[in-house]
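**Student:** Below are the structure tokens for one structure; questions will follow.
Every number here is computed from the coordinates shown, using simple stated rules; none is lab data. Just so it is clear, the model here is predicted, and its values are computed rather than measured. Here the Cβ is made from the backbone with ideal geometry for all residues, glycine too, and neighbour counts use every protein chain on show.
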């Protein structure tokens with residue numbers, strides 16, 4: 001063989017050898033690739049804290065053991081992470097949140113002047129938050145939508161336990177409440193205090209709309225609602241003077257609540273229903289033009305009649321029944337007189353169609369009417385009625401409290417089953433409260449933590465004078481609202497005295513008095529003046 005042929009043969013042998021070596025390497029890698037990598041789980045987390053070092057804020061980290069069952073310990077681990085917003089929050093916020101978590105353990109606090117002071121402080125904090133909001137809030141999904149609460153702490157606690165167990169701040173989405181937080185239930189103060197705290201902590205996540213019970217004429221109607229009226233509970237809890245001032249402070253916040261909300265520019269949320277048009281503008285623009293401080297019933301002097309009507313329609317109107325659609329609804333406008341009477345209106349299919357078409361919306365979510373199923377549909381499944389209390393409306397023992405979840409293009413109904421048992425509201429004959437002393441039982445009866453008992457005896461507890469209670473921070477008990485005066489001469493948009501067919505009260509054993517509004521509790525002296533120039537009686 002020539003030298004050239006020998007060289008070619010040597011190169012071929014080398015290439016063959018390299019090919020075998022490459023194949024062996026690839027096979028070895030393939031075998032190693034089929035073996036599962038074993039990673040050892042570490043039951044530790046890295047906690048990051050912001051600390052002050054020589055006047056400077058510095059981030060430091062440390063490894064902390066979470067425990068074998070990390071999923072079970074999630075909440076405890078999160079609690080270990082400091083949050084400046086939580087650490088520095090006012091004491092009244094902590095007290096109210098602790099009360100909400102376990103009301104039965106805070107009976108003394110709920111019956112104390114300290115609680116009244118905390119409500120005053122809270123009202124001062126949220127007052128300007130609501131006043132800065134437009135009369136229609138625009139919200140992005142996912143959103144939980146809740147109907148009437150009516151002082152039912154038990155059902156509100158059910159939603160807390162199941163929908164925002166780790167707190168609203170750690171729960172995805174926003175929260176819209178459709179109004180009627182007070183009256184009927186016996187825990188009005190507890191419910192409104194908790195919701196105001198949530199608004200104070202999460203102003204861009206929690207939205208509280210106004211219902212018809214967020215007006216003085218209704219929540220001051222003691223002759224009708226008796227011990228279940230908001231004003232009675234305030235006075236019974238704190239005494240006539242301080243109780244009235246707590247009631248008025250809360251009502252000044254109610255004056256500033258938005259009327260409606262819109263989710264994803266598609267779902268219109270309101271307490272009662274859609275308002276009648278008053279101008280060439282859209283109905284949303286009409287609502288946005290309502291004053292940011294509105295008494296409605298009774299109105300302030302600065303409130304225009306037309307916009308008072310818009311606000312009143314939002315909190316009082318109902319869907320028309322099938323019979324009303326055929327008999328009393330105007331075929332041109334789609335509106336008619338409500339079965340409630342008193343000037344309230346109902347809206348029919350035509351009104352719903354016109355409103356949704358004008359605004360480009362798909363659905364209406366409202367509250368205002370009790371339903372044993374928690375959620376009801378009407379008007380061709382375009383109107384949802386949400387009711388979030390299962391008690392105090394004679395809907396039966398199997399009534400459910402409901403809410404809605406709006407998540408992009410999905411609508412989900414969430415109900416509380418009648419089988420759900422709470423941990424702090426009991427019947428009087430329950431073993432859980434059998435060991436309570438008569439005095440402790442009396443306190444819980446007044447707070448609604450014990451049910452189904454005879455009328456309680458008058459409590460022997462004497463309230464200390466409000467001004468004598470010591471506290472580090474002074475509380476301004478003279479609620480100032482300069483520039484807002486009630487117009488007592490104007491005709492009311494809603495006449496409660498003529499509401500002989502109040503649908504909200506059908507079958508309810510809450511009294512039959514037709515006298516209503518502020519006149520129901522005219523026991524104060526004529527010289528009593530509240531809010532600067534605003535003279536009125538509770």
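**Student:** Answer rounded, prolate or oblate for region 88-415, using the Cα gyration tensor with square roots of eigenvalues a ≥ b ≥ c: rounded when a/c is under 1.5, else prolate when a/b is larger than b/c, else oblate.
**Tutor:** Details: a/c = 1.58, a/b = 1.43, b/c = 1.11.
Prolate shape, in that a/c is at least 1.5 and a/b is the bigger ratio.
**Student:** Using the basic label-point model (7 angstrom from Cα toward the beta carbon), what is the residue 362 to residue 169 distance in nanometres?
**Tutor:** About 3.4 nm separates the two model spin labels.
**Student:** For residue 278 paired with residue 14, estimate the spin-label separation in nm (one decimal), with each label point 7 Å from Cα along the Cα-to-Cβ line.
**Tutor:** In this crude label model, residue 278 to residue 14 measures out at 9.7 nm.
**Student:** Now a separate question. Out of the DSSP beta bridges found with both residues in region 248-347, what percent are antiparallel (nearest 5)? Write out the running numbers ahead of the final one.
**Tutor:** Details: 7 of 9 bridges.
Around 80 percent of the beta bridges assigned by DSSP in region 248-347 are antiparallel ones.
**Student:** Still on this structure: Counting alpha carbon pairs within less than 8 Å and at least 6 residues apart, what relative contact order, in whole percent, applies to region 344-399? Write out the running numbers ahead of the final one.
**Tutor:** Details: 62 pairs, mean separation 17.1, N = 56.
RCO, region 344-399: 31 percent.
**Student:** Between region 136-155 and region 247-323, what is the separation of their alpha carbon centroids in Å?
**Tutor:** Between the Cα centre of region 136-155 and that of region 247-323, the gap is 17 Å.
**Student:** Students often check this: by mean Cβ neighbours within 10 Å, which of 122-132, 215-225, 193-203 ranks highest, and how do the rest follow? Could you put the intermediate results ahead of the total?
**Tutor:** On the way: 122-132: 16.9, 215-225: 25.0, 193-203: 21.4.
Put in order of decreasing packing, that is 215-225, 193-203, 122-132.
**Student:** If we sort 95-104, 345-354 on the protection proxy, mean other Cβ atoms within 10 Å, highest first, what's the order? Please list the in-between numbers first.
**Tutor:** On the way: 95-104: 18.3, 345-354: 21.4.
Going by the mean number of other Cβ atoms within 10 Å, highest first, we get 345-354, 95-104.
**Student:** Would you mind checking region 303-318 for residues with the amide N under 11 Å from a putative spin-label position 7 Å along Cα→C-beta of residue 498?
**Tutor:** Label zone hits: none.
**Student:** What distance in nm separates the simple spin-label points at residue 131 and residue 337, each placed 7 Å from Cα in the Cβ direction?
**Tutor:** 4.0
**Student:** Using the per-residue mean of other Cβ atoms lying within 10 Å as a proxy for protection, in what order, highest first, do the peptides 385-397, 158-170, 243-255 fall?
**Tutor:** Numbers: 385-397: 21.5, 158-170: 14.7, 243-255: 23.2.
The packing order, highest mean first, is 243-255, 385-397, 158-170.
**Student:** Just for region 88-415, what percent of DSSP beta bridges are antiparallel, to the closest 5?
**Tutor:** Working: 21 of 41 bridges.
Of all bridge pairs located within region 88-415, approximately 50 percent are antiparallel.
**Student:** Here's something else I'd like to know. So if we plug the beta-carbon distance of residue 489 and residue 323 into 1/(1 + (r/R0)^6) with R0 = 30 Å, what FRET efficiency do we get, rounded to 0.05?
**Tutor:** 0.20
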